[in-house]
Amino acid sequence: MARWERLIIYPLLMVFLFALISGFPALQADPEVKEEIRAKRIALVNEENNEVAVLRVNPAGGGRLGIFNSQGQELLSLGETSQGNGAILVYDKDGQNPIFLTIEEIQ
């Protein structure tokens, strides 16, 4: 190693090691717990990057939670009806034949 290389590399190495040992703030992870997360869509994916759960805003502006199987078929949906009531939909493994649970006024 040339003399000039030693004059550059060794001081940089010492600064880096000192920063690691002293806990230089730029090199530490942020352990702070966030009080709130704001997003319009949050997706949970599996190892194959397929969505298995989605929390999002529905077209009417309310919230919606969807749970999917590994083939991408929706199995469970929580949200609201067009009248603004809560709704739970449970589907079979093919995403068909839903069981619909909600509150509706009888006229």
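Brief remarks follow.
- In the chain, helical runs assigned H by DSSP with n ≥ 4 each contribute -39500 (n - 2.57); averaged across all residues and rounded to the nearest 500, the mean residue ellipticity at 222 nm is -6500 deg cm²/dmol.
- Cα long-axis angle, helix 3-22 against the chain (0 to 90 degrees, to the nearest 10): 50 degrees
- FRET efficiency, 1/(1 + (r/R0)^6) with R0 25 Å, evaluated for GLU35 and LEU55 via beta carbons: 0.90
- Computed lengthening from LEU89 to LEU101, 0.36 nm per intervening residue step minus Cα-Cα distance: 3.7 nm
- When +1 charges are put on Lys and Arg Cβ atoms and -1 charges on Asp and Glu Cβ atoms, the dipole computed for the chain relative to its Cα centre reaches about 640 debye.
Since every read-out is calculated from the coordinates, none of them should be taken as a lab result. This one's a predicted model, so the numbers in the text were calculated from it and none came from an experiment. Note: ideal-geometry Cβ built from the backbone for every residue, glycine included; neighbour counts use all protein chains shown.
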